[in-house]
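A quick write-up on the structure given underneath.
The values are calculated or read from the model by the stated rules, or taken from the named source; none is laboratory data. Just so it is clear, the structure is predicted and the values come from calculations on it, not from any experiment. Neighbour counts run over all protein chains shown; Cβ positions are idealised from the backbone, glycine included. The protein model used for the area step is the full one, side chains on, heavy atoms only, and it has no ligands, DNA or RNA in it. Shrake-Rupley method; radii C 1.70, N 1.55, O 1.52, S 1.80 Å.
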Amino acid sequence: MDNNSNNGGVEPGRILPGPTNPMVTPLLTDLYQFTMAYAYWKAGKHNERAVFDLYFRKNPFRGEYTVFAGLEECIRFIANFKLNDIQIAFLRKTFPPSCEEGFFDYLRGIDCSDVQVYAIPEGSIVFPKVPLVRVEGPVAAVQLLETPFLNLINYASLVTTNAARHRCVAGSSKNLLEFGLRRAQGPDGGLSASNNVAAGRLFGIPLRGTHSHAFVSSYMSLDEIIDKSLKSSDGSRTCVNFVSLVQSCLNKIQWSVSLRGIFSETNQSELAAFTSYALAFPNSFLALVDTYDVMKSGIPNFCAVALALNELGYRAAGIRLDSGDLAYLSRESRNFFCKIEEEFKVPDFGKTGITASNDLNEETLDALNKQGHEVDSFGIGTYLVTCYSQAALGCVFKLVEINTQPRIKLSEDVSKVSIPCKKRCYRLYGREGYALVGERILCRHPFNESKRAYVVPQRVEELLKCYWPGSPDSPREELPDLKDTRDRCMKQLEQMRPDHLRRLNPTPYKVSVSAKLYDFIHFLWLNEAPVGELQ
């Protein structure tokens, strides 16, 4: 990082809709933001030009990287920032009667047209102390943005980092399905796909889902199925009694030479549920097979329905395992499918999809990889969306300059000392293409004088770009769509050194400052810190 301003800006922007969550309004903030705004206004300081940095101090989940998310929601918020009459009336009642009426007139006029927002592109891999967002503008107005920005970025970045970590453990070849809506603290979601219908509508995330154990146990017998007919996939013929076809297929499996002895009688209510679901969704039949017994009932019943669908030109999507020894059951299920393919001459039946769920997390994914498994997709819920192993990221919003004068926040805890000045931030890349810390440059640890190194980068990338120049009609960086953001994240993860990404004892990524900024930090530190006196 270096202490120079950034004069970015490119394409004309579009008019932006408001935040996705209608709860995100100017009142979604701490009371002290408004009380400070009043004090600034009362003192005549409210229009003083201030610069704030939003950053975090420590990577989450005992790792050495974080994925930046939430920027688009922040820009939507600031683009539509306006206190309405109802909100002003509420604030008037909240404040002491001694507050002057002119302050509420001032609040009514704030629209953030004099505020600029610079940020690292959403989906980027980021590190402690580096500003994710820099906000410039009148100090009172910018203070009113602090809490909403932190709220929108803290959780989004935390849960996105959690998702990225699960992806790194599972590997790029596996599908990861977000199944956490019912246990999440909020309504957002999504990995490769999601079961959250609202996320599908709002963000275009592919939707995936099966049925619950309740659906299976709600059936008592095959007699409950009234409409038993099913047209073939090409519409050329109709199977009048699909139930009988399923029973015939199950009978063939029971008498199969290669499968004899694995099971005898299956649960007929489960078979009824599977048959009913296949009649409803013949093109995407995926069954939850662990309601009673996976290998003695669930898998044979699924295969019977899948074979019946195959005779009509359909292909079953697969199964979901939600309990038990997932590694063992997935291997046994795969073996069963392969035997079905071989004996019944059904092409690619052995490749039938296997999805696993049941409170999966990084540790269980890692354990499954070590044990060996045949799972194609993982449904990850509670541990992903609740960020079970870490409750918060801990982003902060600190004043670094006011009226062009650098400011610093000191603390006995060095990790809480802020880096002053309006800064430019760079990522430096080495010969192998991995991101380095930032011609031959002396890079220094911001607070440890012995940690320093000369770096000769092969490529330099400036990080902070202007996403809000004060008006949606002014030139600014375009906000990428969700796919581009995801692609950015995956590409940057690929550019990271493996030792920075590993789960256990990852190598810390070095964040440094220029020699000039290092000297200034320590000059300002000594200048601002009071000098003690010994008696």
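Odds and ends about this structure:
- Partner aspartates and glutamates whose Cα lies under 16 Å from the Cα of residue 491, excluding those fewer than 8 positions away in the same chain, are identified as 122, 432, 461, 481.
- Rounded to the nearest 20 debye, dipole of the range 321-378 from Cβ charges on Lys, Arg, Asp, Glu: 260
- Positive-end residue, the chain charge dipole about Cα centroid, Cβ charges, pick of 300, 203, 119: 119
- Lys pairs, the range 25-163 - Cα-Cα below 22 angstrom, 8 or more residues apart or on other chains: 5
- Excluding same-chain neighbours fewer than eight residues apart, the aspartates and glutamates reachable from residue 451 by a Cα-Cα span under 19 Å are 2, 64, 413, 519.
- Annotation: peptides 486-493, 159-166, ranked by per-residue average of other Cβ atoms within 10 Å with the highest first, follow the order 159-166, 486-493.
- Between the range 251-286 and the range 72-86, the C-alpha centres lie 55 angstrom from each other.
- Spin-label pair residue 434-residue 227: with each label point 7 Å from Cα along the Cα-Cβ axis, the two points sit 6.0 nm from one another.
- Cα-based Lys proximity count in the range 318-429, under 25 Å, for pairs eight or more positions apart or on separate chains: 8
- A Förster radius of 60 Å, combined with the Cβ-Cβ distance separating residue 410 from residue 218, puts the computed FRET efficiency at roughly 0.40.
- Couplings for the range 255-266, taken from phi via the Karplus curve 6.51 cos²θ - 1.76 cosθ + 1.60 with θ = phi - 60°, read 9, 5, 5, 6, 10, 5, x, 6, 8, 10, 9, 9 Hz in order; Gly and Pro are left as x.
- Averaged per residue, the chain has 47 square angstrom of accessible surface, using a 1.4 angstrom probe with ligands and nucleic acids left out.
- Residue 338-residue 248 FRET efficiency (beta carbon distance; Förster radius 25 Å; 0.05 resolution): 0.70
- Heavy-atom accessible surface of the chain: percent carbon and sulfur, 1.4 Å: 51
- Across the range 142-150, rounded Karplus estimates of 3J(HN,Hα) from the backbone phi angles (6.51 cos²θ - 1.76 cosθ + 1.60, θ = phi - 60°) give 5, 4, 5, 8, 4, 5, x, 4, 4 Hz, Gly and Pro being marked x.
- Across the chain, the volume of the C-alpha convex hull divided among the residues equals 215 Å³ per residue.
- Every helix of 4 or more DSSP H residues in the chain counts as -39500 (n - 2.57), and over all residues that averages to -11000 deg cm²/dmol at 222 nm.
- Gain in span if fully extended, residue 32 to residue 237, counting 0.36 nm per residue against the direct Cα distance: 66.7 nm
- Most simply put, the chain has about 70% antiparallel DSSP beta bridges, counting only bridges with both residues inside it.
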